[in-house]
Amino acid sequence: MTYFQVNRKLLLMKIHFFLGIGGNAFGPFLTIISKQRGYSAFIVGLIFMLQPIPGMLMRPIVGAVTDKYKCRRSVFIANSIIMFVLVCLLSIIPGTTSKEEMNDLDVIKSPLFWMFCTITILIRMVGMVNMVLEDTICMDLLEDKNNYGKQRLWGSIGWSLFAIIYGTCVDWYSTGLDYKNYTPGYVIAMLCFLLDTYVVCNLKIVQANDTKIVASDVKKVFTEGKVLAFLLWVVFIGFFMSFIWNFVFWYLEDLSNEFHPETKSWMKTLQGTALLIQCFGGEVPSFLFSSYILKRVDHMTVLSAVFFTFTCIFSLYTIIENPLWALPVELLNGITFAMSYSAAISYAALIAPAGAEGTLQGVVGTAYMGIGAPIGSIVGGYMFKHIGSIATFKLLSVVAFFTCAVQIIVNYILRRLSKNDDINSNVQTKDDNIKEDIHLT
């Protein structure tokens with residue numbers, strides 16, 4: 001008798017999430033790497049604004065092309081190989097360290113800056129393309145689309161484990177140095193992507209050849225008011241998440257420099273621990289129970305809760321002085337990402353016409369990562385440079401609360417309009433049936 005069965009397709013998908021997303025756990029450290037190179041908050045914001053733009057263009061294109069030409073497997077494998085190569089290139093860029101902030105104009109004139117910027121942009125682009133492919137493939141493998149979170153949580157586990165390993169290894173390798181040497185982080189990332197390439201090559205990816213995409217069906221989806229509103233909320237979530245992804249580590253170092261300089265020697269470990277708590281404490285449970293929640297709570301209501309949580313997060317950041325006290329806040333950061341991303345991906349799968357799943361996932365991903373996040377990055381960089389981290393989070397808490405209130409009101413109006421349309425449709429159907437009966441008699 002078999003007591004334990006493993007779905008091999010889903011097992012490989014879980015391993016891919018673990019390795020592929022775990023390999024990207026060095027991403028949050030790019031902000032601090034940039035700071036160590038002497039770049040200002042504005043320059044870092046500029047880098048992170050530019051990063052998602054190519055991915056924003058490529059995500060819907062790749063989604064549509066792989067839908068039409070049924071080449072999702074080939075593109076997925078090529079993408080994994082390219083990611084490995086790019087991390088190799090990033091690791092050999094000549095490193096610079098500067099205790100003083102460099103002039104922004106001098107930075108922009110530096111070829112070394114553009115080499116660093118270009119490779120990080122390409123890494124982000126490949127990562128964004130990878131997301132639309134893996135999300136579409138995962139959804140194709142699932143019978144219940146709300147179970148996406150149970151697969152994606154393995155990415156959070158990988159992200160958190162490798163983040164703490166990155167941070168600890170970098171602190172250890174940099175003992176006795178006046179700066180941090182990130183070589184161990186790059187090596188670990190390369191190993192992850194190399195193993196992930198093997199997993200992707202063995203992943204069973206099947207696309208139905210007889211499914212035709214009807215352009216009118218896709219166009220109809222994007223003309224619905226509730227879908228347009230959904231995409232707008234996704235843009236706002238990407239905007240707020242960019243501050244958490246790109247500037248929380250910068251904020252922690254500001255707290256360390258101003259209030260608790262004794263934490264400097266183990267700051268990378270602290271930052272890695274922050275990601276560990278964010279993922280294991282917030283993301284993993286949220287992804288695990290996301291299917292249960294989304295079956296019982298409307299997707300838009302989940303997004304309302306996410307906006308309210310953003311308000312709480314940014315408010316808490318304004319009253320913290322010790323970097324250690326920022327760790328509990330990471331629980332909320334994990335919850336906001338996991339629930340917002342699960343709601344967005346599952347909702348896109350539910351509204352997607354047959355054969356256009358990749359296209360819809362590409363559009364939603366573009367709204368999240370390609371529009372909201374870059375806007376938040378450049379705005380965040382400007383605000384951190386000119387008004388400081390604490391004042392930035394104070395302003396953000398007000399904006400998040402206002403966004404939450406507007407979103408709740410708009411969703412209420414759309415639900416009322418939807419009910420009226422359903423009533424009118426039922427009345428029209430009854431009238432047509434009565435006329436048909438009269439005609440027959």
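The values are calculated or read from the model by the stated rules, or taken from the named source; none is laboratory data. Note that the coordinates shown come from a computational prediction; the quantities given were computed from them, not determined experimentally. As a convention, Cβ positions derive from the backbone with ideal geometry for all residues, glycine included, and neighbour counts pool all protein chains shown. Surface areas here come from the heavy atoms of the whole protein model, side chains and all, with no ligands, DNA or RNA. Shrake-Rupley method; radii C 1.70, N 1.55, O 1.52, S 1.80 Å.
Where does the charge balance sit around Leu270 when Lys and Arg score +1, Asp and Glu -1, over other residues with C-beta under 15 Å from its C-beta? Please list the in-between numbers first.
Working: positive: Lys180, Lys264, Lys268; negative: Asp171, Glu253, Asp254, Glu262, Glu321, Glu330.
Neighbour charge sum, excluding Leu270 itself: -3.
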Next item on the list: Quantify, in whole percent, the carbon and sulfur part of the accessible surface of the chain (1.4 Å probe; protein heavy atoms only).
Entry: 66 percent
Next item on the list: Taking semi-axes √(5λ) of the Cα gyration tensor in Å as the quantity of interest, determine which of (1) 40, 26, 20; (2) 47, 28, 19; (3) 28, 28, 22 was computed from the displayed structure.
Entry: (1)
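So how do 406-416, 36-46 stack up, highest first, on mean other-Cβ count within 10 Å?
Ranking, from highest mean packing down: 36-46, 406-416.
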Check: Which whole-number percentage describes the relative contact order of the chain, with Cα contacts under 8 Å and a sequence gap of 6 or more?
Finding: 29 percent
Checklist line | Longest DSSP-loop-exposure-free segment, GluC sites (Glu not before Pro), the chain, at most 13 other Cβ within 10 Å | finding: 322-441
Notebook entry, point to check: Computed FRET efficiency, Cβ-Cβ of Glu101 and Val206, R0 35 Å: what is it to the nearest 0.05?
Noted result: 0.10
Check: Counting Lys and Arg as +1 and Asp and Glu as -1, what is the net charge of the other residues whose Cβ lies under 12 Å from the Cβ of Gly155?
Finding: -1
Checklist line | GNM top mover of Thr183, Thr273, Thr168 - the chain, alpha-carbon springs below 10 Å | finding: Thr183
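Under a Cβ-Cβ cut-off of 15 Å, what is the net charge of the residues other than Ile164 that fall near it, where Lys and Arg count +1 and Asp and Glu count -1?
It works out to a net charge of -2.
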Next item on the list: Provide the packing ranking of 186-197, 362-373, 82-93, 156-167, i.e. peptides ordered by the mean count of other C-beta atoms within 10 Å per residue, highest first.
Entry: 362-373, 156-167, 186-197, 82-93
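Roughly how many Å² is the accessible area per residue of the chain, as a whole number, for a 1.4 Å probe? Each step should come with its number before you reach the end.
Details: 20010 Å² over 441 residues.
I get 45 Å² per residue for the chain.
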Notebook entry, point to check: Cα-Cα over 26 Å: which of Lys109/Lys394; Lys204/Lys226; Lys109/Lys268; Lys268/Lys385; Lys226/Lys295?
Noted result: Lys109/Lys394; Lys204/Lys226; Lys109/Lys268
Notebook entry, point to check: How large is the helix-only mean residue ellipticity at 222 nm for the chain, computed as the sum of -39500 (n - 2.57) over DSSP H runs with n ≥ 4, divided by its residue count, in deg cm²/dmol to the nearest 500?
Noted result: -26000 deg cm²/dmol
Check: Can you give the FRET efficiency for Leu324 and Lys394, using 1/(1 + (r/R0)^6), R0 = 30 Å, r = Cβ-Cβ distance, to the nearest 0.05?
Finding: 0.90
